[in-house]
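Undergrad: After the structure tokens below, expect a handful of questions from me.
The values are calculated or read from the model by the stated rules, or taken from the named source; none is laboratory data. From a predicted model like this one, the values you see are computed outputs, not experimental measurements. Positions of Cβ are backbone-derived with ideal geometry, glycine not excepted, and every protein chain shown enters the neighbour counts.
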Amino acid sequence: MAGLLKKTTGLVGLAVSKNPQERLRILYSKILASLQTMPQDAAYRRYTEQLVGERYDLVKTESDIEKLEKKINGGQIEEVIFQVSAHLFSCSVGLTPSPLLFCGVNPVTSPVLWG
């Protein structure tokens with residue numbers, strides 16, 4: 001931002017990030033690490049690795065926040081951080097086995113669950 005300090009995002013509940021590139025580096029590396037536990041041929045893993053890898057490279061190479069926002073094309077950098085945090089959470093939830101699987105119940109076809 002070339003000498004300008006952003007005081008607000010203009011979005012309720014979304015504070016200005018003090019070090020957005022470092023935060024994104026950490027989040028992207030955590031997502032990439034969690035993807036390593038998935039099967040290599042899983043479509044989710046392949047597409048997510050591609051997208052996250054491209055964005056991770058952008059974060060590592062681009063030092064100007066405004067240019068980074070335009071290249072990522074996800075809104076303000078704070079919005080991107082919020083989206084990536086939610087994506088990391090969904091990756092970790094997706095890796096957690098469902099308790100129903102341990103009971104031998106198929107959650108899709110079970111008449112108990114769907115009435």
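Undergrad: Under 7 Å between Cβ atoms, which residue pairs at least 6 apart in sequence (or on different chains) link something in the stretch 47-71 that is surrounded by 17 or more Cβ atoms within 10 Å (Cβ to Cβ) with a partner that is of a type in the set (D, E)?
TA: L68/E62
Undergrad: Which members of the stretch 75-94 meet the condition of being of a type outside the set (D, E, K, R), out of contact with any helix residue (DSSP H, G or I) (no Cβ under 8 Å at 6 or more places or on another chain) and closer than 12 Å to P20 by Cβ? Spell out the reasoning first.
TA: Taking the stretch 75-94 first, the residues of a type outside the set (D, E, K, R) are 75-77, 80-94.
Now narrow it down to the ones that are out of contact with any helix residue (DSSP H, G or I) (no Cβ under 8 Å at 6 or more places or on another chain): 82-83, 86, 89-90, 93.
Across the stretch 75-94, the qualifying residue is only F82.
Undergrad: Name the residues in the stretch 56-74 that are part of a helix (DSSP H, G or I), over 17 Å from N19 (Cβ atoms) and in contact with a helix residue (DSSP H, G or I) (Cβ under 6 Å, 6 or more places away or on another chain), would you?
TA: The answer is K71, and nothing else.
Undergrad: Still on this structure, I have one more. Residues being more than 14 Å from the chain's Cα centre (by Cα) and at pLDDT below 90: count how many of those fall in the stretch 76-95.
TA: Initially, the stretch 76-95 is screened for residues more than 14 Å from the chain's Cα centre (by Cα), giving 76, 95.
Still in the running and at pLDDT below 90: 95.
Qualifying residue count, the stretch 76-95: 1.
Undergrad: I'd like the full set of residues that are in a helix (DSSP H, G or I) and not aliphatic (A, V, I, L, M), limited to the stretch 27-53.
TA: Y28, S29, K30, S34, Y44, R45, R46, Y47, T48, E49, Q50, G53
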